[in-house]
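One structure is given here, and the rest of the page talks about it.
Bear in mind these aren't lab numbers, they're just calculated from the coordinates by the rules spelled out. It should be emphasised that the depicted structure is a prediction, and the values quoted were computed from it without experimental measurement. Every residue, glycine as well, gets a Cβ built from its backbone with ideal geometry; the counts of neighbours run over all protein chains shown.
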Amino acid sequence: MVNKNKINEKVAVALSGGVDSSFAAYLLKKKGYQVEGFTFLLCSQDGRCLGDQGLIQAQKVCDKLKIPHHILDFKKLFRKQIIDDFLRHYSVGLTPNPCVLCNALIKFGYFFEHIDSRGFKYLATGHYVGLKRIKGKIFLKVAKDEKKSQEYFLSLISPSILNRLIFPLANYTKDQVLAEVVKLDILFHDRGESQDICFINGQAYSQFIKENVFSPEKYKGNICHVNGKILGTHEGIYNFTYGQRSGLGVAWRQPLYVISIEEETKTVFVGEKEYLYKKEFTVNDLNWFDEITKYKKIEVKIRYNTPSLKCKVQVMGKEVKVSLDDKVQAITPGQIAAFYSGDILLGGGIINSC
């Protein structure tokens, strides 16, 4: 049955050609929305968010659903805002999360502005995330499939657009989606899921960075124990991330881990496992869906697919100091800290120091 209240409501679906976005488009069409699919060209690699195979699949899905299909070339924008940012962060000793930035700047940023200018009322994606209204405010919330829930990756999107978003998979599990797609014969080829960053696609991060930064020799330096003893040299700080154990290239009486990276001197500090454990860090580049000071019980995630950690938050101007109840290992500058109250996402930011 077509819902007559929705028949003229235009919805733009970000359509990668994968299982999730394809099923999201199907659900919206079934509910009576005026659906159109949009596929982005981001770079020349084949990955989970892009590539020739995904483009062909997206077109076939739109043909099957009898909806228009549009292709948007965002390659220059993606290079400038995502890839260059990735290179810049690694070259100063940080470990960025380009998927979070891509969501904030490209998918829910530039693309949202594009479809808004074309008269679309809503933007929909195949993310596993829910929406919840509390006292007139709209929040992102953990999806039914908690293991698959992706609100962490949306922690930096603008709160001003939440009332214009639809997430059709909020109340589905991944297994349910896969079963429905097979039954409905929507998907023509299952591409599987890659854990690689889309523009890396299997290549070693360090090699990609070395090939794309100017004068890679500028990033060489010493490897030092946290006690100050020089243990060796390295070929570039972009080869390391916090908590890393393998590939250090130095000998010691106990296993060593990367404890910190000093941009100014290009020094990589290493130490025994106990040095990894910390309970305080700062977060900047903050994005709030509500004032965090309103909430007494707050939890934080410091990486995707890990448990939320109980914490206290002290607002200090444009950054916050986070104090965990218990020490954890490998808090990583450059990664995203996402703040929660129960299953509600309060906001997020970039880990600055620890």
- Task: Starting from the Cα gyration tensor of region 174-317, take the square roots of the eigenvalues, sort them a ≥ b ≥ c, and report rounded, prolate or oblate (rounded when a/c is under 1.5, otherwise prolate if a/b is larger than b/c, else oblate).
- Result: oblate
- Message: Need one number: nm distance between label points at Lys297 and Lys147, each 7 Å from Cα along Cα→Cβ, rounded to one decimal.
- Response: 2.6
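What is the ratio of the Cα radius of gyration of the chain to 2.2 N^0.38 Å, with N the residue count, to two decimals?
Expressed relative to 2.2 N^0.38 Å, the Cα Rg reads 1.07.
As a quick test, which of the pairs Lys218/Lys278; Lys80/Lys132; Lys80/Lys321; Lys147/Lys318; Lys31/Lys144; Lys266/Lys310 have an alpha carbon distance above 27 angstrom in this structure? Mind showing how you got there, number by number?
Numbers: Lys218/Lys278 30 Å; Lys80/Lys132 34 Å; Lys80/Lys321 30 Å; Lys147/Lys318 32 Å; Lys31/Lys144 20 Å; Lys266/Lys310 33 Å.
The pairs that break the limit, which is 27 Å between Cα atoms, are Lys218/Lys278; Lys80/Lys132; Lys80/Lys321; Lys147/Lys318; Lys266/Lys310.
How high is the FRET efficiency from Val182 to Glu263, r the C-beta distance, R0 56 Å, rounded to 0.05?
Details: r = 50 Å, r/R0 = 0.89.
Between Val182 and Glu263 the formula returns 0.70.
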- Item | region 10-184 - charge dipole about Cα centre, Lys and Arg +1 at Cβ, Asp and Glu -1, debye rounded to 20 | 620
- Message: Rounded, prolate or oblate, given the Cα gyration tensor of region 277-353, with a/c below 1.5 counting as rounded?
- Response: rounded
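List the trypsin sites (Lys or Arg not before Pro) in region 269-334 that DSSP assigns to loop (not H, G, I, E or B) and whose Cβ has at most 11 other Cβ atoms within 10 Å. Which are they?
Passing both the DSSP loop test and the Cβ count: Lys296, Lys297, Lys318.
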- Message: Using all alpha carbons of region 217-271, what is the percent of pairwise distances in each 10 Å bin, ordered from the shortest bin to the longest?
- Response: 27, 64, 9, 0
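Taking the Cα centre of the chain as the origin, how large is its charge dipole in debye, to the nearest 20, when only Lys and Arg (+1) and Asp and Glu (-1) carry charge on their Cβ atoms?
Working: 50 positive and 37 negative charges, 215 e Å.
Computed charge dipole of the chain: roughly 1040 debye.
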- Using only alpha carbon positions, build the gyration tensor of region 253-315, then give the equivalent ellipsoid semi-axes as the square roots of 5 times its eigenvalues, largest first, whole angstrom. 30, 16, 10
